[in-house]
Amino acid sequence: MSRVLIVGAGLTGSLCACLLRRELADRVQIVVWEKSRGAGGRMSTSRSPSNMSCTADLGAQYITSTPYYSKIHKSFYEELLQHDILKPLEATMEGMMLKDEASINYVTPSGMSSIVKHYLRESGAEVFFGHHVTHVSRRGSGWEVCRKEGDIGSLLKDSERQKLEAVSYSSRFALGLFYKAGVQISVPWAAKYISNNPCIRYIAIDDKKRNLVSDKFGPSVVVHTSVPFGLQHVEKTLEEMQPVILQELQKLMPELPEPENIKCQKWRYSQVTGSVADCPGQITLLSEPLLVCGGDAFTHSNFDGCVESALKVFQVLKSSL
């Protein structure tokens with residue numbers, strides 16, 4: 001029985017755990033450590049403190065499946081559709097630009113984190129939240145993984161370190177506005193891309209976008225800042241930026257009701273703008289004992305990029321266990 005520790009309960013980590021369980025069930029003991037309080041990573045779903053049924057996706061907003069990935073990742077899409085985790089996006093999205101008109105957009109009625117939670121359930125892994133890995137070191141024929149000061153720098157070759165340090169990300173802020181049941185937000189769209197605002201790039205009536213309107217909870221609104229704005233203010237605190245974003249939102253939507261609760265999120269690492277070179281999908285830092293890195297930094301920032309990485313990491317694990 002091999003012991004596998006997966007660090008990070010985002011899409012890549014959860015799917016990798018699921019693949020391991022399905023193909024190597026009798027050969028692996030799977031544990032997942034996640035530094036946050038819940039699963040999802042940039043696909044996490046936030047809830048109103050006043051009504052847990054009122055939710056908002058502050059990270060990924062929908063999934064776009066191109067004809068290419070619809071074919072090669074067909075089984076993953078079919079599984080999520082069969083479990084009603086994914087639904088076709090039918091709401092009005094103003095200003096959306098599609099690179100391929102044949103692409104299909106999907107939403108998650110229960111929030112983006114429902115995808116990650118599905119794979120974690122399927123994996124049967126032991127999942128520990130609030131576990132922030134800070135140090136990995138050799139210990140005999142295995143690894144010692146700690147939650148204390150340190151890093152994995154000593155394990156990296158200079159060439160590997162340079163590749164990892166060259167990865168670049170966009171940054172942005174996001175706001176989630178949560179409302180009481182019965183509040184109406186009367187706009188003709190479910191989401192809208194803003195092209196002429198120095199601060200705000202995207203606004204969504206999130207429950208409407210996900211076709212989740214109900215009289216049991218109020219609507220939720222998601223606001224994303226532009227990448228240039230995010231990069232300019234990335235070192236500022238949430239307390240500093242929340243009123244600035246709200247002021248710009250008020251200009252764009254002066255009739256917007258006063259929310260019951262607000263959550264401000266900083267995505268320092270929002271989307272990969274430059275991935276790791278020459279090692280698509282994963283990088284194996286050491287073969288014995290095995291240490292593999294994966295995630296969208298090794299592919300591209302969307303659902304299919306994470307699936308691609310999870311498949312590559314799984315293949316390395318499968319051939320080594």
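The values are calculated or read from the model by the stated rules, or taken from the named source; none is laboratory data. Computed from a predicted structure; not experimentally measured. As a convention, Cβ positions derive from the backbone with ideal geometry for all residues, glycine included, and neighbour counts pool all protein chains shown. Note: areas computed on protein heavy atoms with side chains; ligands, DNA, RNA excluded. Shrake-Rupley method; radii C 1.70, N 1.55, O 1.52, S 1.80 Å.
General remarks:
- Each of Asp215, Asp100 has its accessible area taken with a 1.4 Å probe; listed largest first, they run Asp215, Asp100.
- Beta bridges assigned by DSSP with both partners in the chain are antiparallel in approximately 75 percent of cases.
- Computed over the chain, the per-residue total of -39500 (n - 2.57) for DSSP H runs of n ≥ 4 gives a 222 nm mean residue ellipticity of -8500 deg cm²/dmol, rounded to 500.
- Note that segment 253-263 has calculated 3J(HN,Hα) couplings of 10, x, 8, 5, x, 6, x, 7, 9, 9, 10 Hz, one per residue in order, obtained from phi through the Karplus relation 6.51 cos²θ - 1.76 cosθ + 1.60 (θ = phi - 60°); glycine and proline are x.
- Quarter of Cα convex hull surface for segment 44-153, i.e. mean projection, nm²: 11.6
- Based on Cα contacts under 8 Å between residues 6+ apart, the chain shows a relative contact order of 21 percent.
- Heavy atoms of Trp143 accessible to a 1.4 Å probe, total area in Å² rounded to 10: 60
- Whether segment 30-93 is rounded, prolate or oblate, judged on the alpha carbon gyration tensor where a/c under 1.5 counts as rounded: oblate
- Percent accessible area from carbon and sulfur atoms, the chain, protein chains only, probe 1.4 Å: 49
- A cut-off of 5 Å between modelled amide H atoms, ignoring neighbours fewer than 5 places along the same chain, links Ile200 with Ser226.
- Accessible surface area normalised per residue over the chain is 51 Å², counting heavy atoms of protein chains with a 1.4 Å rolling probe.
- Ranked from largest to smallest solvent-accessible area, with a 1.4 Å probe on the protein heavy atoms, Glu23, Glu101 come out as Glu101, Glu23.
- Size check on segment 20-62: the Cα extents along the three principal axes, sorted descending, read 43, 22, 19 Å.
- Evaluating kT/(6 pi eta Rh) at 25 °C and 0.890 mPa s, with the Kirkwood radius of segment 217-301 over Cα pairs in the Stokes-Einstein relation, gives 151 µm² s⁻¹.
- The spacing between segment 264-321 and segment 185-210, judged by their C-alpha centroids, is 31 Å.
- Fraction of alpha-carbon pairs over 13 Å apart in segment 260-317 - percent: 63
- Taking the charge dipole of the chain about its Cα centre, with +1 at Lys and Arg Cβ atoms and -1 at Asp and Glu Cβ atoms, the residue from Trp143, Ser220, Pro259 reaching farthest to the positive side is Trp143.
- Rel. contact order, % - alpha carbon contacts under 8 angstrom, at least six apart, segment 198-281: 27
- Taking only Cα atoms of segment 4-44, radius of gyration then Dmax in Å: 10.5, 31
- Calculated FRET efficiency for the pair Thr92/Ser214, C-beta based, R₀ 22 Å, to 0.05: 0.70
- Structure remark: mean-square fluctuation, Gaussian network model of the chain, C-alpha springs under 10 Å; the largest value among Gly142, Gly274, Gly305 belongs to Gly142.
- Across every direction, the projection of the convex hull enclosing the Cα atoms of segment 157-302 has a mean area of 11.7 nm².
- Two-decimal Rg/Rh across the chain, once Rg and the Kirkwood Rh are taken from alpha-carbon atoms: 0.98
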